[in-house]
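K.L.:
Structure in structure tokens, see below.
The values are calculated or read from the model by the stated rules, or taken from the named source; none is laboratory data. Since the model is a prediction, treat every value here as computed from it, not as a measurement. Cβ atoms come from the backbone with ideal geometry, glycine included; neighbour counts cover every protein chain shown. All accessible areas refer to the heavy atoms of the entire protein, side chains included, with ligands and DNA or RNA removed. Shrake-Rupley method; radii C 1.70, N 1.55, O 1.52, S 1.80 Å.
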Amino acid sequence: MMRRSLWIIAVLAACGGDAPPPVEVAKGRLIARISSEPAQITLLLDGAEVWSTRAGGQAGKDKHEPPHGFAAIGSRATTVEMMFGAFRFTENKSAEVWRPIDQLADVTETAEGASFTLLSDGDSVGTGRLVFGSIPLHVQIELETDAQRVQITTPCPGDEHLVGLGGQSFDVDHRGETVPLFVQEDGIGKFPDPDDIYAGLWFLTGRKHTTHTPMPMVLSSRGYALAVKTDARAVFALGSDRPDTARFEAWDGTLDLNVFIGDQGSAPDALGHMVEWVGKPERPPLSIFAPWVDAIYGSANVRRIAQKLRSSGIPASAIWTEDWRGGEDTATGYALDEDWRADPVTYPDFDQLASDLHGMGFAFLTYHNTFIDDKSDVLTEAIAGGYAIKDANGAPYTFTGITFGGSKLLDLANPAAVTWAKGVMGEAYTRGSDGWMADFAEWQPTDAVLASGEDALAVHNRYPVDWLKMTSEILTPRAGRFTPIHFARSAWVGSQKYVQVIWPGDQQTDFSDGDGLPSVIPMGINLGLAGFPYFGSDIAGYMSQGTDPTSEELFYRWTSFGAFNPVMRTHHGRSARQNFQWENDAAATAHFRRWARLHMQLAAYLWGSSGSFDRDGLPLMRMIALEYPDEPWAWTTIDEYLLGDRLLVAPIQAKGATSRSITLPAGRWFPLLTGTAVMGGEITATAAKTEIPVYVPEGSLLVLYPDGVDTPLPASQLASAVTTDEIGGNREVWLYPGTAANPEHTTWNDDDGPAAPAQWTWTGRSATAALPTTATFKGASTPVTMVGGQAQVTVTGDGTLVFGNGGTLTINRGDSTAQVRVRLRGP
């Protein structure tokens with residue numbers, strides 16, 4: 001029976017009476033205004049409207065099209081196929097029916113916010129609630145129904161930018177796009193094809209938005225962020241159905257929509273609230289910011305590479321050995337064995353190898369994935385224990401796996417399977433591995449039978465969350481061991497707090513858009529906007545199927561670019577014996593050495609920059625608009641980014657190119673290493689294949705490690721290795737002339753960068769003044785040396801360094817013995 005309040009609303013509507021007045025509920029400065037007829041929710045901050053849904057029903061062209069009013073429920077007529085971790089959705093739209101939610105009834109204030117009833121043409125179709133979150137300026141809107149899909153729509157003004165959505169490789173601003181969000185393989189080669197067009201070998205190549213790290217999280221240039229919490233498929237239509245409307249849909253009976261308002265319209269502030277809500281990872285160890293180098297083909301070769309790195313002056317904190325379980329050359333490249341334990345032939349002395357690497361100051365990283373291959377060493381015990389997902393007949397679900405033979409998948413919905421997997425995978429950690437690549441987690445079939453009894457389609461996206469949660473629980477710190485590290489390529493909303501490092505997957509070994517070198521920046525930016533701050537790609541790509549192996553040019557370009565990623569990591573690639581790598585010749589080794597050493601210096605900057613993520617949720621690989629929101633181009637650019645808050649990186653990513661157009665924010669900018677200052681706007685930068693365009697805003701300071709550090713880890717068995725413990729507080733400081741537009745660029749804290757009280761403060765100086773020939777430190781004269789267009793000074797301890805013709809650096813670290821080498825750039 002319809003409740004009396006619903007009857008009153010219907011009578012009023014039939015008689016042309018006035019709609020009930022909106023109900024307003026508040027928490028602090030934030031007010032939620034809930035209108036019954038037409039249905040609408042509006043958020044106000046300090047009395048000004050900052051976000052709203054659309055109003056009323058506003059049906060689509062027919063009942064088979066999504067409406068564009070407040071909200072709607074719908075049915076699904078869909079078949080889903082899976083091959084090689086790719087999923088094909090076939091929707092029979094003519095059999096799908098939508099119903100608009102056009103009115104709300106029984107709007108009642110609650111202790112948390114408000115509750116209400118959802119009406120469609122007078123029928124009750126569900127309930128809703130609005131909750132003010134514990135995080136500042138966060139509102140949760142939950143619509144609970146018996147439908148198969150639920151959506152909410154919002155206005156989408158013409159000048160609004162909508163950025164993020166996880167590992168998207170073609171765009172940063174997704175306005176005008178319909179983006180289906182479902183965890184799956186990226187594809188081998190990726191093209192800007194419509195997501196619902198499955199042409200040719202659909203299971204091998206990717207479409208525009210296929211990704212293993214989709215995130216139902218978006219940031220608006222209007223100063224709000226929005227996230228849908230679900231384990232099911234989601235669809236964000238961002239002005240694609242109608243240019244004035246954004247639509248947020250979950251393939252579930254409940255829509256859990258979370259809105260985060262930025263104070264004073266600040267998009268970075270809104271992002272910070274959303275990142276706090278989804279969960280932040282603990283700061284990983286300093287060692288992740290030093291170079292990682294891959295080494296395969298057995299114990300002897302791994303030792304050879306480790307020794308060569310140290311003897312060649314190439315810094316590295318990690319050796320990662322992907323084939324520790326075995327591998328072989330095949331017609332499609334170097335393929336890994338799918339065992340779960342160390343290969344006794346290739347790595348007969350695994351434990352001793354780990355110990356030897358530790359003694360040289362290397363963490364020893366290995367590899368795991370989610371598959372139980374039919375030829376693996378754990379198949380019998382996994383099947384006997386019931387640890388694999390099952391098919392409809394109750395048998396282990398078998399599919400064609402990555403070895404092109406039969407494979408099963410670990411059932412992460414089975415607590416016993418998780419306990420068993422922790423035990424087997426944990427053996428590597430006990431034997432000396434310091435962590436691993438936690439690969440895959442996209443392949444759970446949607447028709448599988450799970451131990452939990454849950455619908456596999458409804459919880460498909462949760463699989464990588466559970467995989468990374470399990471991995472992080474295995475790799476808990478142990479006394480007397482290096483802090484463990486893991487890195488992943490697959491994730492969903494909720495993975496953030498479990499992921500130490502994320503990488504964008506198996507890029508092609510080429511310069512192609514979508515899946516080659518140019519795909520890395522948009523993926524890094526979009527993942528940063530979803531709360532993944534620690535990011536790095538495979539140098540120089542992984543997959544050569546359908547393209548050429550890594551060329552010299554690609555290796556050179558990707559190496560210099562990798563030096564300006566938060567994580568710099570090499571990969572041998574699938575075509576391991578054909579790819580150009582750092583050992584190919586002396587010039588390649590010198591090139592890798594040069595940029596690896598600079599990355600090691602930058603580790604101090606990256607560590608400090610992590611403070612901005614810890615405090616504000618700002619990623620290290622940062623969308624330029626987060627620092628320069630008034631620059632319209634900064635919301636759409638896909639080939640430039642900020643590393644931290646003061647390094648603008650614009651690599652050359654076109655084959656054969658030696659120059660490119662770059663847009664800089666307003667003001668004066670200095671090339672990081674050498675060259676004259678340029679003014680903001682569009683410029684042309686030239687860079688040989690050995691170089692990369694990187695710019696610093698005037699008046700900035702950079703605090704780095706001194707050149708020559710080998711590793712942040714102790715090297716107890718290699719006296720010649722220089723560690724960060726040995727250099728202590730010694731630093732190198734690069735100062736740039738001019739007056740900083742952003743005062744934070746003039747200060748630094750060793751642990752937290754600009755997010756904590758300053759230990760270093762630079763006043764800047766005239767951008768056109770000649771280099772000084774004199775200086776004082778703590779009031780006493782100190783020598784100034786001219787080197788390559790720079791004035792260099794070395795001081796010890798705290799104090800104030802004053803240059804003769806302008807500019808003061810104040811050091812206040814409480815370290816009386818630290819040596820600081822200061823390099824002041826000329827005009």
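K.L.:
Only one of these is within 28 Å of the chain's Cα centre (by Cα), at pLDDT 95 or above and surrounded by 24 or more Cβ atoms within 10 Å (Cβ to Cβ): ASP411, ASP466, ASP439. Name it.
P.N.:
The unique qualifying residue is ASP411.
K.L.:
Got a sec? Which of GLY708, GLY667, GLY728, GLY656 is under 25 Å from PHE613 (Cβ atoms), in contact (Cβ under 8 Å) with a residue 24 or more places away in the chain and of a type in the set (Gly, Ala, Ser)?
P.N.:
GLY667
K.L.:
Looking at this structure, is TRP492 surrounded by 23 or more Cβ atoms within 10 Å (Cβ to Cβ), among the aromatic types (Phe, Trp, Tyr) and in contact with a Phe, Trp or Tyr (Cβ under 6 Å, 6 or more places away or on another chain)?
P.N.:
Criteria not met by TRP492.
K.L.:
I would also like to ask the following. Please work out which residue is surrounded by the most Cβ atoms within 10 Å (Cβ to Cβ), limiting yourself to region 749-776 and to residues that are among the small types (Gly, Ala, Ser), under 33 Å from the mean Cα position of the chain (by Cα) and closer than 22 Å to GLY799 by Cβ.
P.N.:
Among them, the one singled out is GLY753.
K.L.:
Looking only at region 415-450, how many residues end up being of a type in the set (A, V, I, L, M) and more than 25 Å from ALA395 (Cα to Cα)?
P.N.:
3
K.L.:
Which count do you get for residues in region 527-574 that are part of a loop (DSSP other than H, G, I, E, B) and either at pLDDT 95 or above or buried (at least 24 other Cβ atoms within 10 Å of the Cβ) (or both)?
P.N.:
Qualifying residue count for the region: 27.
K.L.:
Which residues, taken from region 739-748, are open to solvent by 20 Å² or more (accessible area, probe 1.4 Å) and within 16 Å of ASP616 (Cβ to Cβ)?
P.N.:
ASN742, PRO743, GLU744, THR747
K.L.:
Next up: Condition first: open to solvent by 10 Å² or more (accessible area, probe 1.4 Å) and within 30 Å of ASP710 (Cβ to Cβ). Can you find one or more residues in region 375-396 that meet it?
P.N.:
No - not one qualifying residue is present in region 375-396.
Here's the yes/no breakdown for (1) over 13 Å from ALA530 (Cβ atoms); (2) of a type in the set (Val, Ile, Thr); (3) surrounded by 21 or more Cβ atoms within 10 Å (Cβ to Cβ):
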position	(1), (2), (3)
LEU204	yes, no, no
ARG207	yes, no, yes
MET217	no, no, yes
ALA227	no, no, yes
ARG233	yes, no, yes
ALA237	yes, no, yes
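The rows are residues; the columns are (1) out of contact with any Gly (no Cβ under 8 Å at 6 or more places or on another chain); (2) modelled with pLDDT of 95 or more; (3) farther than 24 Å from TRP503 by Cα.
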residue	(1), (2), (3)
ALA596	yes, yes, no
SER610	no, yes, no
LEU620	no, yes, no
LEU626	yes, yes, no
THR637	yes, yes, no
PRO651	yes, yes, no
TRP669	no, yes, yes
GLY681	yes, yes, yes
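K.L.:
I would also like to ask the following. Tell me, which residue of region 283-317 that is charged (D, E, K, R) and in contact (Cβ under 8 Å) with a residue 24 or more places away in the chain is surrounded by the most Cβ atoms within 10 Å (Cβ to Cβ)?
P.N.:
ASP294
K.L.:
While we're here: Need at least 2 residues that are open to solvent by 10 Å² or more (accessible area, probe 1.4 Å) per element, so show me which strands (runs of 3 or more DSSP E) inside region 614-692 make the cut, counting only ones lying wholly within it.
P.N.:
Where strands (runs of 3 or more DSSP E) fall fully within region 614-692 and carry at least 2 residues being open to solvent by 10 Å² or more (accessible area, probe 1.4 Å), they are 659-671, 678-686.
K.L.:
For ASP46, only one of the following conditions fails: (1) open to solvent by 50 Å² or more (accessible area, probe 1.4 Å); (2) touching a residue at least 24 places away in the same chain (Cβ under 8 Å). What is its number?
P.N.:
(2)
Every residue, every condition in (1) closer than 28 Å to ILE34 by Cβ; (2) open to solvent by 30 Å² or more (accessible area, probe 1.4 Å); (3) of a type in the set (Ser, Thr, Tyr), yes or no:
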{"site": "GLN103", "(1), (2), (3)": "yes, yes, no"}
{"site": "THR108", "(1), (2), (3)": "yes, yes, yes"}
{"site": "LEU119", "(1), (2), (3)": "yes, no, no"}
{"site": "ARG129", "(1), (2), (3)": "yes, yes, no"}
{"site": "GLN148", "(1), (2), (3)": "yes, yes, no"}
{"site": "PHE182", "(1), (2), (3)": "no, no, no"}
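K.L.:
Moving on. Considering each of PRO243, PRO214 in turn, give the residue that is touching a residue at least 12 places away in the same chain (Cβ under 8 Å) and out of contact with any strand residue (DSSP E or B) (no Cβ under 8 Å at 6 or more places or on another chain).
P.N.:
Answer to the check: PRO243.
Results for (1) among the small types (Gly, Ala, Ser); (2) open to solvent by 40 Å² or more (accessible area, probe 1.4 Å); (3) out of contact with any His (no Cβ under 8 Å at 6 or more places or on another chain), shown as yes or no for each residue.
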residue: LYS61; (1), (2), (3): no, yes, yes
residue: ALA71; (1), (2), (3): yes, no, yes
residue: SER75; (1), (2), (3): yes, no, yes
residue: GLU81; (1), (2), (3): no, yes, yes
residue: ARG88; (1), (2), (3): no, yes, yes
residue: VAL97; (1), (2), (3): no, yes, no
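K.L.:
Still on this structure, I have one more. All but one of (1) open to solvent by less than 10 Å² (accessible area, probe 1.4 Å); (2) in a helix (DSSP H, G or I) hold for GLY514; state the number of the condition that does not hold.
P.N.:
(2)
K.L.:
Might you let me know whether region 358-369 holds any residue that is over 30 Å from LYS308 (Cβ atoms) and open to solvent by less than 40 Å² (accessible area, probe 1.4 Å)?
P.N.:
no
K.L.:
Assess whether GLN790 counts as being free of Cβ contacts under 8 Å to residues at least 40 places away in the same chain and surrounded by 16 or more Cβ atoms within 10 Å (Cβ to Cβ).
P.N.:
So GLN790 fits the description; yes.
K.L.:
Right, something else. Are there any pairs with C-beta distances below 6 angstrom linking a residue in region 249-264 that is open to solvent by 30 Å² or more (accessible area, probe 1.4 Å) to a residue that is modelled with pLDDT of 95 or more, with the two at least 6 apart or on different chains, and if so which?
P.N.:
From residues that are open to solvent by 30 Å² or more (accessible area, probe 1.4 Å), the pairs are ASP252/THR230; ASP252/ALA232; THR254/GLU144; ASP263/ASP269.
K.L.:
Taking SER452 as meeting all but one of (1) within 21 Å of ASP231 (Cβ to Cβ); (2) surrounded by 17 or more Cβ atoms within 10 Å (Cβ to Cβ), write down the number of the exception.
P.N.:
Going through the list (1) within 21 Å of ASP231 (Cβ to Cβ); (2) surrounded by 17 or more Cβ atoms within 10 Å (Cβ to Cβ), SER452 breaks only (2).
K.L.:
Hey, GLU473 hits all of (1) without any contact (Cβ under 8 Å) to a residue 60 or more places away in the chain; (2) touching a His at 6+ places or on another chain (Cβ under 7 Å) but one; which does it fall short on?
P.N.:
(2)
K.L.:
Then there's this: Return the residue satisfying two criteria in turn: it lies in region 318-340 and is in contact (Cβ under 8 Å) with a residue 60 or more places away in the chain and part of a strand (DSSP E or B), and of such residues it is surrounded by the fewest Cβ atoms within 10 Å (Cβ to Cβ).
P.N.:
Ranking the qualifying residues of region 318-340, first place goes to ASP329.
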